[in-house]
Amino acid sequence: MTSFYKECRTAEADVGMSFYISDVNGTGGRLKKEPEDFIVKEISDGPEPAANGRFVIAEVTSRNWETNRLVRLLSRSLGISREKVGFAGTKDKRAVTTQLMSFECPLDMMERIALKDIEIKDPYTAKKGIQIGDLKGNSFAIKVKECDVPESDIPDILEAVSSRVKDAGGFPNYFGVQRFGVARPITHKVGESIIRGDLEGAVRCYVSDPATFGDEDVAAVRRSLSEEDDWSSLLKEMPDSLSFEKIMVEHVVSNPGDWKGAIGKLPKNLQMMFVHAYQSYLFNKMLSGRMGMGLPLNGPVIGDVVIPLDANKIPLHENPVITTKNNIDLAARQVRSGRAFVTISLFGSESKIPEGEMGEIERSVIEKEGITSNDFIVPDLPYCSSKGSRREVLCPVSGLSHEIIEGGYEMSFSLPKGNYATCLLREYMKSEMDRY
């Protein structure tokens, strides 16, 4: 079968993102030239206020802060452990982000926070904190600058791509480059090493694999770490920006050969992120395999696993429906109406590969990787274990609009939780990976 999707010829293909749904050439351009070019605001309902609640809920707006490092700084400012700071989802670093966070501390302690580029608003107490996933979605206002095409060509490109996305009911639901690292796309490689049992390789990859793009001084430190087994002499050369890497190096210096312990020193959500990134890479490969076969994203084929949505448009992953020749017409109507979505495996220890064309694609990716479901059980690092799940092949978008601005254009839209704004923007831009 011949694909009718446009092939991606940038480095995004290296993390499995091999196609675009729109067949027009892009505008090119750059995202996040300034943090204010990428504005994200969570769509969520906070926990109910409670006068005697042990959690403080507050709206946190941060500029140019990676979520894990933001949490670490806030916990230090409050004098509490980082596990007592809750948030619903990780956000882009080079951005201005607004999200609800929870803090297990007295309300008056919030006055201690006086940090550059961080604003705390409307704190209140509640009986329940905020956990990963406690959001509905995110709204975005994103500027694209330094376009590669004449300004006069931009409106037609934007209209053509928007028309294609609206006709399809969304865009390919890839995991975006941020999942793997834009400057240093290695997070999935660390996860792969973990599930293959190569914990030394995982630590060395995270600590010393140099960046493809970015700060040359930092890259030089990483190269030194890759070439030197005695890391103790290099600790003082590690900049503050490599805080998590330094934690691992310090542990290995003090506990030679304890690679498991080095990974275990990292925040739990970061440990989880490694294996999740590898699952994301596999998903991207599977989705590209579907598109390469020319199979639809906005309609099922026999064997597809379709997930319905609830009244709040949240996927009901506990109620999957296998598409057969007897129900395919009904399933197709549900998908076309936006009441259900075709899904692909996020492969893990409890994953079941379906039958049909998509099952063959999923099985082929897994076999080429040379892995099994049991590999995703990591007894020594339980936060790195993953049962697996399923993910929608198409991401719906609401409120999609654009505006021509000086030096480029601005896109505004909202996405459900767990989806990547850059995967929509790449349809318009079709730029090199480091431009996102």
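Examine the range 108-129 for a residue that is open to solvent by less than 20 Å² (accessible area, probe 1.4 Å), closer than 30 Å to N25 by Cβ and in contact (Cβ under 8 Å) with a residue 60 or more places away in the chain, and state whether such a residue exists. The answer is no; no qualifying residue exists. Counting the residues of the range 10-47 that are among the charged types (D, E, K, R) and either touching a strand residue (DSSP E or B) at 6+ places or on another chain (Cβ under 6 Å) or part of a strand (DSSP E or B) (or both) gives 8. Here D134 meets the list (1) open to solvent by 40 Å² or more (accessible area, probe 1.4 Å); (2) in contact (Cβ under 8 Å) with a residue 24 or more places away in the chain; (3) assigned to a helix (DSSP H, G or I); (4) under 30 Å from V393 (Cα atoms) almost entirely, failing just condition (3). Among the numbered conditions (1) in a helix (DSSP H, G or I); (2) open to solvent by 20 Å² or more (accessible area, probe 1.4 Å), the only one that P185 does not meet is (1). E159 meets all of the listed conditions (1) touching a residue at least 24 places away in the same chain (Cβ under 8 Å); (2) more than 25 Å from the chain's Cα centre (by Cα); (3) not in a loop (DSSP other than H, G, I, E, B) but one, namely (1).
The residues on offer are G181, G197, and the sole one that is under 22 Å from G388 (Cβ atoms) and not β-branched (V, I, T) is G197. For the range 345-392, the set of residues classified as among the hydroxyl-bearing types (S, T, Y) and open to solvent by less than 20 Å² (accessible area, probe 1.4 Å) consists of S345, S386, listed by residue number. Looking at G264, G257, just one residue is small (G, A, S), open to solvent by 10 Å² or more (accessible area, probe 1.4 Å) and closer than 30 Å to L346 by Cα, and that residue is G264. Name the residue that is least open to solvent (accessible area, probe 1.4 Å), counting only residues in the range 301-321 that are in contact (Cβ under 8 Å) with a residue 40 or more places away in the chain and over 25 Å from the mean Cα position of the chain (by Cα). For the range 301-321, the residue satisfying everything is G303.
Out of all the residues in the range 16-32, is one or more in contact with a Ser or Thr (Cβ under 6 Å, 6 or more places away or on another chain), within 27 Å of H402 (Cα to Cα), surrounded by fewer than 20 Cβ atoms within 10 Å (Cβ to Cβ) and among the small types (G, A, S)? Yes. Checking R82, R9 one by one, the residue that is modelled with pLDDT under 95 and under 30 Å from G170 (Cα atoms) is R9 and no other. Here L78 fulfils each of the conditions (1) free of Cβ contacts under 8 Å to residues at least 60 places away in the same chain; (2) within 21 Å of the chain's Cα centre (by Cα) apart from (2). At pLDDT below 95 and not in a loop (DSSP other than H, G, I, E, B), is that true of E111? Yes: the conditions hold for E111. Taking the listed residues L400, L381, the one that is under 21 Å from the mean Cα position of the chain (by Cα), aliphatic (A, V, I, L, M) and more than 18 Å from S280 (Cα to Cα) is L400, with no other qualifying. Number of residues in the range 68-102 that are farther than 18 Å from I142 by Cβ and either of a type in the set (D, E, K, R) or outside any loop (DSSP other than H, G, I, E, B) (or both): the value is 20. Quick check on the range 385-401. Is at least one of its residues out of contact with any Phe, Trp or Tyr (no Cβ under 9 Å at 6 or more places or on another chain) and part of a loop (DSSP other than H, G, I, E, B)? Checked against the condition, which is being out of contact with any Phe, Trp or Tyr (no Cβ under 9 Å at 6 or more places or on another chain) and part of a loop (DSSP other than H, G, I, E, B), the range 385-401 yields no hits at all. One residue alone among E360, E355, E369 is among the acidic types (D, E) and in contact (Cβ under 8 Å) with a residue 60 or more places away in the chain, and that residue is E369.
The values are calculated or read from the model by the stated rules, or taken from the named source; none is laboratory data. Fair warning: this is a prediction, and the values are worked out from it, not measured in the lab. Cβ coordinates were reconstructed from backbone atoms using ideal geometry, including for glycine residues, and neighbour counts include every protein chain displayed. For accessibility, only protein heavy atoms count, side chains too; no ligands or nucleic acids. Shrake-Rupley method; radii C 1.70, N 1.55, O 1.52, S 1.80 Å.
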